[in-house]
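First up is the structure itself, then whatever we jot down about it.
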Amino acid sequence: SVVHAGREEIRLCKLLSGAPPANLFDLQLAAGLVSTSYPLGHAAVAQIYLGQRLSKGETLTEWRRRPLTPEQIRYAFDDVRYLLKLHEKLSARLAKLGRSEWVKEEAQRLIQRAGSAETLVEEERWRKLRGVGALDRRKLAQVRALFAWRDARAQAGNRPARTIVRDDLLVEIVKRDPRDANDLSVIRGLHHRDLNEIVAVVRAARDLPLEDCPEIAERGVDSPQMALVSAVLIAALGDFCNREHLALGLVGTSNEVRTLVRAAISGEPLPRMPLTEGWRARFVMPELLALLAGRRWLRIANPRSGSPFEYRPREEAPPDRE
């Protein structure tokens with residue numbers, strides 16, 4: 001099965017057949033494993049790898065109205081007409097770089113993450129919303145409930161979640177502590193038809209026993225040396241990705257690097273996270289651990305280059321600058 005950013009396709013297959021698509025190949029993931037750009041839209045992938053320009057004019061079209069216009073039909077056809085050609089092109093690049101198994105690993109991770117609304121809420125994605133760090137436990141429960149309600153509404157209508165309620169408004173709603181629809185009518189960006197339902201969701205979460213409310217996430221203060229070492233390692237990871245034609249956004253996050261540094265400073269075992277598993281553990285982690293353990297030194301060799309750093313084993317002396 002060839003898809004582009006196929007989370008929704010996986011979810012629908014699981015919902016309708018009970019199983020994910022077989023032999024999944026995601027073009028967006030594949031492009032991130034052979035270039036420094038991720039995530040790329042379908043039109044960008046087609047332009048870069050096939051030289052084909054796709055129309056973007058029907059992105060916000062209303063697909064439930066019939067008959068479809070010629071422009072809508074062409075747009076829908078463009079969504080699938082180049083999938084197999086792109087699969088062939090990207091598969092060849094992956095094979096040349098020895099990364100064919102990597103895209104299979106990423107497909108399995110994508111399948112595992114593409115679950116039901118309940119699974120996604122259990123992963124506590126709502127904690128990533130800006131502003132939740134300042135909320136108490138009862139208000140966190142309200143944000144969690146609104147997030148779950150929004151996901152369910154989006155899936156039922158086959159719409160992006162942010163078109164139901166924007167991320168920033170979820171926290172704003174909770175901060176206003178609404179008691180009725182009038183309390184929310186002043187917030188720009190909410191659909192008036194949803195106000196009573198939103199108030200009901202907030203009220204139910206507000207009445208939860210405190211022990212059923214989410215715990216407040218602990219926020220430790222990092223030491224200056226931890227922050228400094230992390231910044232160097234994050235820069236080195238970006239340099240490594242440029243050098244190896246890998247998308248930094250697909251390889252690892254800044255938080256993962258900071259977690260790695262914290263473990264090294266504290267002497268604790270490396271935690272389980274994407275950066276320490278699979279192809280990342282085999283291909284990327286040895287480079288980071290060598291720097292972190294002082295087995296390699298790093299210098300700025302060419303500040304004009306996309307990969308400005310140079311690395312050598314610790315026993316080798318750095319060359320003199322000309």
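Residue-by-condition table, conditions (1) under 23 Å from the mean Cα position of the chain (by Cα); (2) farther than 30 Å from ARG243 by Cα; (3) buried (at least 17 other Cβ atoms within 10 Å of the Cβ); (4) without any contact (Cβ under 8 Å) to a residue 12 or more places away in the chain:
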{"site": "ARG7", "(1), (2), (3), (4)": "yes, no, no, no"}
{"site": "ILE10", "(1), (2), (3), (4)": "yes, yes, yes, no"}
{"site": "ALA30", "(1), (2), (3), (4)": "yes, no, yes, no"}
{"site": "GLU62", "(1), (2), (3), (4)": "no, yes, no, yes"}
{"site": "ARG81", "(1), (2), (3), (4)": "no, yes, no, yes"}
{"site": "ALA92", "(1), (2), (3), (4)": "no, no, no, yes"}
{"site": "GLU101", "(1), (2), (3), (4)": "yes, no, no, no"}
{"site": "GLU106", "(1), (2), (3), (4)": "yes, no, yes, no"}
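Scanning region 242-257 for any residue that is part of a helix (DSSP H, G or I), more than 20 Å from the chain's Cα centre (by Cα) and either touching a residue at least 24 places away in the same chain (Cβ under 8 Å) or under 30 Å from LYS104 (Cα atoms) (or both) turns up at least one such residue.
Kindly provide the set of residues from region 200-229 that are part of a loop (DSSP other than H, G, I, E, B), under 30 Å from LEU292 (Cα atoms) and among the hydrophobic types (A, V, I, L, M, F, W, C), ordered by number. Break it down into steps so the answer makes sense when it comes.
Looking only at region 200-229, we keep the residues that are part of a loop (DSSP other than H, G, I, E, B), and these are 207-209, 213-223.
The next check asks that each one be under 30 Å from LEU292 (Cα atoms); those that pass are 217-223.
Hits for region 200-229 are ALA217, VAL221.
Cβ-Cβ distances below 7 Å connect the following pairs, each with a first residue in region 34-47 that is farther than 22 Å from SER100 by Cβ, a second residue that is surrounded by fewer than 17 Cβ atoms within 10 Å (Cβ to Cβ), and a separation of six or more residues or different chains: ALA43/LYS56; GLN47/ARG53. For LYS85, the conditions (1) at pLDDT below 95; (2) open to solvent by 30 Å² or more (accessible area, probe 1.4 Å) all hold with the exception of (1). Considering every residue within region 112-128, establish whether at least one is in a helix (DSSP H, G or I), open to solvent by 40 Å² or more (accessible area, probe 1.4 Å) and at pLDDT 95 or above. Checked against the condition, which is being in a helix (DSSP H, G or I), open to solvent by 40 Å² or more (accessible area, probe 1.4 Å) and at pLDDT 95 or above, region 112-128 yields no hits at all. If you go through region 295-320 and pick out every residue that is part of a loop (DSSP other than H, G, I, E, B) and open to solvent by less than 60 Å² (accessible area, probe 1.4 Å), you end up with 6. Answer with yes or no whether VAL165 is assigned to a helix (DSSP H, G or I) and open to solvent by less than 60 Å² (accessible area, probe 1.4 Å). The answer is no for VAL165.
Could you go through region 230-237 and let me know if any residue there is open to solvent by 40 Å² or more (accessible area, probe 1.4 Å) and in a loop (DSSP other than H, G, I, E, B). Show your work before the answer.
Of region 230-237, the ones open to solvent by 40 Å² or more (accessible area, probe 1.4 Å) are 231-232, 234-235.
If we keep only those that are in a loop (DSSP other than H, G, I, E, B) as well, we get none.
Within region 230-237, none of the residues are open to solvent by 40 Å² or more (accessible area, probe 1.4 Å) and in a loop (DSSP other than H, G, I, E, B).
Can you name the residue in region 258-280 that is assigned to a helix (DSSP H, G or I) and among the charged types (D, E, K, R) and is also modelled with the highest pLDDT among such residues? Only one residue fits best here, namely ARG280.
Is it fair to say GLY249 is within 30 Å of ARG312 (Cβ to Cβ) and open to solvent by 40 Å² or more (accessible area, probe 1.4 Å)?
In short, yes.
Restricted to region 4-58, and to residues that are of a type in the set (S, T, N, Q), at pLDDT 90 or above and in a helix (DSSP H, G or I), which residue is nearest to ALA92 (Cα to Cα)? That would be GLN28.
Restricting the first member to region 128-156 and to residues that are over 17 Å from ASN196 (Cα atoms) and without any contact (Cβ under 8 Å) to a residue 60 or more places away in the chain, and the second to residues that are in a loop (DSSP other than H, G, I, E, B) and among the hydrophobic types (A, V, I, L, M, F, W, C), the beta-carbon pairs closer than 7 Å and six or more apart or on different chains are ALA154/ILE164.
Here PHE25 fulfils each of the conditions (1) closer than 22 Å to ASN242 by Cα; (2) buried (at least 16 other Cβ atoms within 10 Å of the Cβ) apart from (1). Of all residues in region 133-151, none are part of a helix (DSSP H, G or I), surrounded by fewer than 18 Cβ atoms within 10 Å (Cβ to Cβ) and either acidic (Asp, Glu) or at positive phi (or both). Would you confirm whether any residue within region 274-294 is more than 22 Å from GLU105 (Cβ to Cβ), in contact (Cβ under 8 Å) with a residue 12 or more places away in the chain and surrounded by fewer than 13 Cβ atoms within 10 Å (Cβ to Cβ)? Yes: one or more hits.
The values are calculated or read from the model by the stated rules, or taken from the named source; none is laboratory data. Fair warning: this is a prediction, and the values are worked out from it, not measured in the lab. With ideal geometry, Cβ positions are generated from the backbone for all residues, glycine too; neighbour counts draw on all protein chains shown. To get the accessible areas, we keep the full protein, side chains included, count just its heavy atoms, and leave off ligands, DNA and RNA. Shrake-Rupley method; radii C 1.70, N 1.55, O 1.52, S 1.80 Å.
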